[in-house]
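The values are calculated or read from the model by the stated rules, or taken from the named source; none is laboratory data. Values in this document were obtained by computation on a predicted structure and should not be read as measured data. Reconstructed Cβ throughout: ideal geometry from the backbone, glycine too, with neighbour counts over all protein chains shown.
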(Lines give C-alpha, C1' and ligand atoms only; values in the text may rest on other atoms or scores of the structure.)
Protein backbone atom coordinates (compact mmCIF):
# COMPACT_ATOMS: atom_id res chain seq x y z
CA UNK A 1 0.00 0.00 0.00
CA UNK A 2 2.88 2.36 0.77
CA UNK A 3 4.41 1.75 -2.65
CA UNK A 4 1.04 2.31 -4.35
CA UNK A 5 0.46 5.53 -2.39
CA UNK A 6 3.92 6.79 -3.30
CA UNK A 7 3.30 6.07 -6.99
CA UNK A 8 -0.11 7.75 -6.87
CA UNK A 9 1.21 10.89 -5.18
CA UNK A 10 4.13 11.22 -7.56
CA UNK A 11 1.89 10.73 -10.59
CA UNK A 12 -1.17 12.81 -9.66
CA UNK A 13 -0.25 15.30 -6.92
CA UNK A 14 2.58 17.28 -8.50
CA UNK A 15 0.46 20.18 -9.78
CA UNK A 16 -1.43 20.50 -6.50
CA UNK A 17 1.77 20.39 -4.49
CA UNK A 18 3.43 23.10 -6.59
CA UNK A 19 0.42 25.33 -6.14
CA UNK A 20 -0.05 24.83 -2.41
CA UNK A 21 3.62 25.59 -1.77
CA UNK A 22 3.43 28.69 -3.95
CA UNK A 23 0.30 29.88 -2.13
CA UNK A 24 2.12 29.57 1.20
CA UNK A 25 4.15 32.63 0.16
CA UNK A 26 7.22 31.32 1.92
CA UNK A 27 9.49 34.14 3.07
CA UNK A 28 13.20 34.22 3.84
CA UNK A 29 12.86 33.31 7.52
CA UNK A 30 9.68 31.26 7.46
CA UNK A 31 9.18 28.07 9.43
CA UNK A 32 6.88 25.86 7.35
CA UNK A 33 5.34 22.47 8.12
CA UNK A 34 4.01 19.95 5.64
CA UNK A 35 1.59 17.49 7.19
CA UNK A 36 1.52 14.09 5.52
CA UNK A 37 4.63 14.68 3.42
CA UNK A 38 4.49 11.25 1.76
CA UNK A 39 7.43 10.79 -0.61
CA UNK A 40 8.72 14.31 0.13
CA UNK A 41 7.54 16.12 -3.01
CA UNK A 42 6.13 19.10 -1.12
CA UNK A 43 9.26 19.62 0.93
CA UNK A 44 11.35 19.31 -2.21
CA UNK A 45 9.22 22.01 -3.85
CA UNK A 46 9.41 24.25 -0.78
CA UNK A 47 13.22 24.12 -0.93
CA UNK A 48 13.00 26.27 -4.07
CA UNK A 49 11.87 29.18 -1.90
CA UNK A 50 14.14 31.38 0.26
CA UNK A 51 13.72 29.85 3.72
CA UNK A 52 17.43 30.06 4.52
CA UNK A 53 19.52 31.12 6.35
CA UNK A 54 17.12 31.18 9.30
CA UNK A 55 14.06 29.53 7.85
CA UNK A 56 13.18 25.91 8.52
CA UNK A 57 11.13 23.26 6.77
CA UNK A 58 9.43 20.54 8.80
CA UNK A 59 7.61 17.48 7.55
CA UNK A 60 5.30 15.23 9.56
CA UNK A 61 4.19 11.75 8.51
CA UNK A 62 3.21 8.66 10.47
CA UNK A 63 4.37 6.15 7.83
CA UNK A 64 7.76 4.52 8.30
CA UNK A 65 7.81 3.71 4.58
CA UNK A 66 7.28 7.36 3.61
CA UNK A 67 9.95 8.41 6.10
CA UNK A 68 12.38 6.12 4.27
CA UNK A 69 11.37 7.38 0.81
CA UNK A 70 11.60 11.03 1.83
CA UNK A 71 14.98 10.53 3.47
CA UNK A 72 16.31 9.07 0.24
CA UNK A 73 14.89 11.99 -1.74
CA UNK A 74 16.02 14.73 0.65
CA UNK A 75 19.27 13.29 1.98
CA UNK A 76 21.56 16.31 1.39
CA UNK A 77 18.98 18.79 2.70
CA UNK A 78 18.44 16.70 5.82
CA UNK A 79 22.18 16.51 6.41
CA UNK A 80 22.52 20.29 6.07
CA UNK A 81 19.66 20.99 8.47
CA UNK A 82 17.44 22.69 5.89
CA UNK A 83 14.73 20.05 6.36
CA UNK A 84 13.60 18.20 9.48
CA UNK A 85 11.41 15.09 9.22
CA UNK A 86 9.14 14.23 12.14
CA UNK A 87 7.38 10.91 12.59
CA UNK A 88 4.04 11.04 14.33
CA UNK A 89 0.38 11.89 14.05
CA UNK A 90 -1.20 15.28 13.60
CA UNK A 91 -3.00 14.88 16.96
CA UNK A 92 0.36 15.21 18.71
CA UNK A 93 2.84 17.17 16.62
CA UNK A 94 6.28 17.15 18.29
CA UNK A 95 6.85 20.90 17.99
CA UNK A 96 6.54 23.79 20.47
CA UNK A 97 3.43 25.97 20.27
CA UNK A 98 3.45 28.90 17.83
CA UNK A 99 6.77 27.92 16.25
CA UNK A 100 5.47 27.44 12.69
CA UNK A 101 4.45 30.25 10.34
CA UNK A 102 2.50 28.18 7.87
CA UNK A 103 1.15 24.68 7.24
CA UNK A 104 0.24 22.91 4.01
CA UNK A 105 -1.03 19.49 3.02
CA UNK A 106 -2.56 17.76 0.01
CA UNK A 107 -5.45 15.27 -0.05
CA UNK A 108 -5.27 14.88 3.74
CA UNK A 109 -8.36 16.83 4.78
CA UNK A 110 -10.52 13.71 5.11
CA UNK A 111 -8.46 12.55 8.11
CA UNK A 112 -8.71 15.80 10.10
CA UNK A 113 -12.27 16.67 11.24
CA UNK A 114 -12.41 14.31 14.23
CA UNK A 115 -9.08 15.62 15.46
CA UNK A 116 -10.19 19.25 15.23
CA UNK A 117 -13.49 18.56 16.99
CA UNK A 118 -11.96 16.65 19.89
CA UNK A 119 -8.71 18.60 20.31
CA UNK A 120 -9.35 22.31 20.13
CA UNK A 121 -5.84 23.21 21.24
CA UNK A 122 -4.09 21.36 18.40
CA UNK A 123 -3.93 24.53 16.31
CA UNK A 124 -1.57 26.21 18.83
CA UNK A 125 1.55 24.89 17.20
CA UNK A 126 1.37 27.38 14.33
CA UNK A 127 0.67 31.10 14.02
CA UNK A 128 -0.13 31.68 10.36
CA UNK A 129 -2.04 30.32 7.42
CA UNK A 130 -2.90 26.74 6.65
CA UNK A 131 -3.53 25.65 3.08
CA UNK A 132 -4.91 22.36 1.87
CA UNK A 133 -5.19 21.25 -1.73
CA UNK A 134 -7.42 18.40 -2.76
CA UNK A 135 -8.50 16.73 -5.97
CA UNK A 136 -12.12 15.93 -5.22
CA UNK A 137 -12.61 14.23 -8.56
CA UNK A 138 -9.72 11.87 -7.87
CA UNK A 139 -10.85 11.20 -4.30
CA UNK A 140 -14.44 10.52 -5.35
CA UNK A 141 -13.14 8.11 -7.97
CA UNK A 142 -11.23 6.34 -5.19
CA UNK A 143 -14.40 6.02 -3.12
CA UNK A 144 -16.16 4.41 -6.09
CA UNK A 145 -13.38 1.80 -6.18
CA UNK A 146 -13.56 0.97 -2.48
CA UNK A 147 -10.84 3.22 -1.03
CA UNK A 148 -11.18 5.57 2.00
CA UNK A 149 -13.60 3.30 3.84
CA UNK A 150 -15.05 4.98 6.90
CA UNK A 151 -14.03 8.44 5.67
CA UNK A 152 -15.83 11.13 3.76
CA UNK A 153 -13.77 12.81 1.07
CA UNK A 154 -16.17 15.74 0.81
CA UNK A 155 -14.66 18.95 2.21
CA UNK A 156 -17.65 20.27 4.18
CA UNK A 157 -16.94 18.39 7.45
CA UNK A 158 -13.36 19.68 7.35
CA UNK A 159 -14.49 23.27 6.75
CA UNK A 160 -17.04 23.03 9.54
CA UNK A 161 -14.46 21.58 11.94
CA UNK A 162 -12.04 24.42 11.21
CA UNK A 163 -14.69 27.06 11.85
CA UNK A 164 -15.90 25.29 14.99
CA UNK A 165 -12.51 25.58 16.69
CA UNK A 166 -11.92 29.20 15.71
CA UNK A 167 -9.90 29.21 12.50
CA UNK A 168 -10.39 32.42 10.53
CA UNK A 169 -11.27 33.07 6.88
CA UNK A 170 -12.14 29.47 6.06
CA UNK A 171 -12.94 29.21 2.35
CA UNK A 172 -12.49 26.93 -0.64
CA UNK A 173 -11.78 27.79 -4.27
CA UNK A 174 -11.54 25.82 -7.49
CA UNK A 175 -8.27 26.28 -9.38
CA UNK A 176 -6.89 24.99 -12.67
CA UNK A 177 -3.21 24.76 -13.58
CA UNK A 178 -1.48 22.82 -16.35
CA UNK A 179 -4.89 21.52 -17.41
CA UNK A 180 -5.58 19.99 -13.98
CA UNK A 181 -8.52 21.10 -11.83
CA UNK A 182 -8.32 20.91 -8.05
CA UNK A 183 -9.52 22.67 -4.91
CA UNK A 184 -7.70 24.84 -2.38
CA UNK A 185 -8.90 25.31 1.19
CA UNK A 186 -7.67 28.50 2.86
CA UNK A 187 -7.66 29.33 6.56
CA UNK A 188 -5.66 31.26 9.14
CA UNK A 189 -4.89 30.39 12.74
CA UNK A 190 -6.44 32.68 15.36
CA UNK A 191 -4.06 35.03 17.19
CA UNK A 192 -2.36 33.36 20.18
CA UNK A 193 -4.43 35.39 22.63
CA UNK A 194 -7.66 34.13 21.04
CA UNK A 195 -6.39 30.56 21.10
CA UNK A 196 -5.39 30.74 24.73
CA UNK A 197 -8.73 32.26 25.71
CA UNK A 198 -10.73 29.60 23.90
CA UNK A 199 -8.70 26.69 25.29
CA UNK A 200 -8.55 27.87 28.88
* Filter the stretch 1-24 down to the residues that are in contact with a strand residue (DSSP E or B) (Cβ under 8 Å, 6 or more places away or on another chain) and either part of a loop (DSSP other than H, G, I, E, B) or at positive phi (or both), then identify the one that is modelled with the highest pLDDT. => 24
* in contact (Cβ under 8 Å) with a residue 12 or more places away in the chain, assigned to a loop (DSSP other than H, G, I, E, B) and farther than 17 Å from residue 105 by Cα - does that describe any residue in the stretch 56-67? -> no
* Asked: Does residue 153 fit the bill of being buried (at least 17 other Cβ atoms within 10 Å of the Cβ) and in a loop (DSSP other than H, G, I, E, B)?
  -> yes
* Determine which member of the set 186, 158 is modelled with pLDDT under 90 and within 14 Å of residue 134 (Cα to Cα). => 158
* Take residue 88 and decide whether it is out of contact with any helix residue (DSSP H, G or I) (no Cβ under 6 Å at 6 or more places or on another chain), on the phi > 0 side of the Ramachandran plot and surrounded by fewer than 20 Cβ atoms within 10 Å (Cβ to Cβ). => yes
* Selection within the stretch 27-45 - out of contact with any strand residue (DSSP E or B) (no Cβ under 6 Å at 6 or more places or on another chain) and buried (at least 22 other Cβ atoms within 10 Å of the Cβ) -> 38, 39, 40, 41
* To do: Go through the residues of the stretch 29-44 one by one and say whether even a single one is within 24 Å of residue 181 (Cα to Cα) and in a strand (DSSP E or B).
  => yes
